[in-house]
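Q: Structure provided below as structure tokens; questions to follow.
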Amino acid sequence: MASKKGSKEVVKLENKETGFFYTTTKNTKSERTAGKMKFRKYDPKLRKHVVFTEAKMPH
């Protein structure tokens, strides 16, 4: 029997300034995560916290 596809999707959080990125999961069933995610995380290239936005993952 085949299993169903989960409700989690892997997304890439990228800083457009430096190109540094994190990967995380996103709950696709939740209405709260309907738009693009934005997180304030640490960028080691700039050595400070900056805003990372959701970007397309290469397949």
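Q: What's the extension gain from K12 to M37 if we count 0.36 nm per residue and subtract their Cα-Cα distance?
A: Taking K12 through M37 to full extension adds about 8.0 nm, to one decimal.
Q: Here is a further query. Can you give the local net charge around V50? Use residues other than it whose beta-carbon is closer than 15 angstrom to its beta-carbon, Lys and Arg +1, Asp and Glu -1.
A: +3
Q: What lysines sit close enough to K8 to cross-link, taking a C-alpha to C-alpha distance under 23 Å and skipping anything fewer than 8 places away on the same chain?
A: K26, K29, K36, K38, K41, K56
Q: What relative contact order, as a whole-number percentage, does the chain give when Cα pairs under 8 Å and 6 or more residues apart are counted?
A: 35
Q: Next question. Using each residue's phi in region 42-59, evaluate 6.51 cos²θ - 1.76 cosθ + 1.60 at θ = phi - 60° and report the 3J(HN,Hα) Karplus result to the nearest Hz, with x for Gly and Pro.
A: Rounded to whole hertz, the list is 7, 10, x, 6, 8, 6, 7, 7, 9, 7, 10, 10, 5, 10, 6, 8, x, 9.
Q: May I pose another question? Spelling out what I want: for every residue of region 11-23, take phi, set θ = phi - 60°, compute 6.51 cos²θ - 1.76 cosθ + 1.60 (Karplus), and round to whole Hz; glycine and proline get x.
A: Karplus values, whole Hz, x for Gly and Pro: 10, 10, 9, 10, 8, 5, 5, 10, x, 5, 9, 10, 10.
Q: Quick one: dipole size for the chain, taken about the Cα centre, charges +1 on Lys/Arg Cβ and -1 on Asp/Glu Cβ, in debye to the nearest 20.
A: It works out to roughly 100 debye.
Values in this text are rule-based calculations from the coordinates and carry no lab data. This structure is a prediction, so every number in the text was calculated from the model and none was measured. Every residue, glycine as well, gets a Cβ built from its backbone with ideal geometry; the counts of neighbours run over all protein chains shown.
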